[in-house]
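As structure tokens, the structure follows; a few thoughts come after it.
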Amino acid sequence: MPVRGLWVLSHRQGHSAVMRFSRRYPTVEKRAKIYNKASYVAIPEDKDLLKALLLELGLTDENKNFVEYRDNCSRINKTNVYSLSVSERKLWPVLAVQKADFIYVCIPLVEQSLTPPPPLLTINSISEAFALVSGVMLFISVGQNSETEVSSRLAQLPVLVTQACPLGSPVDTNLFALHDNSATSANQTCKTPAWKTSKQKGKAQIDVSITEKVQSTQYDKGDDSDTWQVFGTVSCKCNLEAITPNVIVGLNLPANGSPLQDILVHPCVTSVDSSMLISSSVALTDDSAFNGPYKFPFIPPSDTFQLCYYTSQVPVPPILGFYQMTEDGSQVHLSIKLKLHETVKNGFEYCDAKIPFFNRGQIKHLEYKVSHGQLELSREKSLLVWVIGQKFPKSLEISLNGTATFSSEAHPNDPADPICVGATGYVKLSFRIPDYSLTGCYADQQTMQVFSSAKPKIVTSRELISSDYYIWNSKAPAPVTSRSFYA
């Protein structure tokens, strides 16, 4: 989705604000006039835009006094999207982000009437404008931030923004990669668009990687509902020739796969099925579920990028856990059971369970019995690590039972925690399953299309990684999440 303009302002305490970079897109502005119709508000000149923005942000000297519409208690701005007063009308939406001595501003194109203002969540160009601003902000602010360095980066912005956002359409928000490619593109002999750079090395190849992270909080209690959620990232790298290629990457699900939801695509994606974007994890019904196929046509950026992000509501967590710990003086008795779900691939790169002990001192004696794997005591003697290994047994169930005796002598480095007091404690699982995704999502090489002279090699991969995977002691109080993902 295009943007109408991009600006970078410098504003220091005690100094006048200065416009350091300005880029407008007349063709997008014409489209805004057509889409917005009577609600269209033209972007003013830079000096007037600067004045209106500082007024809205309360950064001008004359705004030391109370301004009713801006400062009253009933107005609470929870976003970086503002409405500017321009010629007795309101220019909206205006994305403005302040960082250090700079204000980064972008006005996205809204392809509908602005009366009444549509919800921000329905404006796709907002996320793309924010991604573009984030890329510029990161490029300007990284490093030592000396005046010389910042001035040098600002001088490079006109060329880099031309490449990142040709004709107002963001295609690549990684300005660092564009900067690295600028030198190599100068030696290119083939005719390429002015906004496109390339650093193809070796044979043509497309890499598509799916990484899913699963979070879970389990209690084994009737009153507290277990929660779990999957977060996916599809990363892509296209090593293709300099002439602008068009690529279509397709993601598929098996018949019993879990639909992808909350899909957020990279700005380089040129179009998507609207059914993909409206599929939401917060919908009250399952009517919004879209089972694919998921197709992403795009013009690839020069370096590795995240093609899309998604969430999914899988029916069960990959590993179900049971943890009980009881106190008996200086001793604690442990009982842990883990079960790998039968639908999950039984092949790990690693899998272990960490059992920390807080506010107790050091373990001086340990007796235990494990049905699978091995148990290790950390050097600090306050953490047990159950190394499960690369496979569960054929039964898919494993257990650990033991008794730990703690020393009464306190040490300065003994771990403490304000939540894990008494018998309150947890087991944290860490694992990685290569060549597997919990949703079943995979990149379909058969449906991938590359509109380029060379036929590239296509390499796909996927993995499932644990993230914040906790099993709490069912014999003691535990912190409870605000809501369950699944009723």
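The values are calculated or read from the model by the stated rules, or taken from the named source; none is laboratory data. Not measured: the values here are computed from a predicted model. Please note: Cβ atoms are built from the backbone with ideal geometry, for glycine as well, and neighbour counts cover all protein chains shown. These accessible areas exclude ligands, DNA and RNA; they are computed on the full protein's heavy atoms, side chains included. Shrake-Rupley method; radii C 1.70, N 1.55, O 1.52, S 1.80 Å.
Couple of notes before you dig in:
- On full extension, the segment bounded by H333 and S275 gains 15.7 nm, given 0.36 nm per residue less the C-alpha separation.
- Mean separation of Cα contacts under 8 Å, 6 or more apart, over the residue count of the range 3-176: relative contact order %: 26 percent
- If you take the Cα centroid of the range 99-127 and the Cα centroid of the range 344-405, the two points sit 50 Å apart.
- When the solvent-accessible area of the chain is split by element, carbon and sulfur atoms take up 52 percent of it, the probe being 1.4 Å.
- Per-residue 3J(HN,Hα) values for the range 145-157, derived from phi via the Karplus relation 6.51 cos²θ - 1.76 cosθ + 1.60 with θ = phi - 60°, read 6, 6, 4, 5, 5, 5, 4, 5, 5, 5, 5, 7, 4 Hz in sequence order (x marks Gly and Pro).
- Here, P(r) means the percent of Cα pairs in each 5 Å bin from 0 to the largest distance; for the range 319-435 it is 2, 10, 22, 24, 17, 12, 8, 4, 1, 0.
- Modelled spin labels at V421 and Q449, positioned 7 Å past Cα toward Cβ, are 6.3 nm from each other.
- Counting only lysines at least 8 places from K354 when in the same chain, those with an alpha carbon closer than 20 Å to its own are K213, K337, K339, K364, K369, K381, K391, K428, K475.
- Options (i) 0.96; (ii) 1.03; (iii) 1.19 - which one matches Cα Rg over 2.2 N^0.38 Å as calculated here: (iii)
- Within-12-Å neighbourhood charge of F296 [Cβ basis; K, R +1; D, E -1]: -1
- S85 paired with T405, simple spin-label distance in nm, labels 7 Å along Cα-to-beta-carbon: 7.7 nm
- Per-residue ellipticity at 222 nm, computed for the chain from helices alone with -39500 (n - 2.57) per DSSP H run of at least four residues, works out to -5000 deg cm²/dmol.
- 1.4 Å probe accessible area per residue over the chain, in Å²: 51 Å²
- Spin-label pair E463-H341: with each label point 7 Å from Cα along the Cα-Cβ axis, the two points sit 2.1 nm from one another.
- Peptides 439-450, 26-37 ranked from most to least packed by the mean count of surrounding Cβ atoms within 10 Å: 439-450, 26-37.
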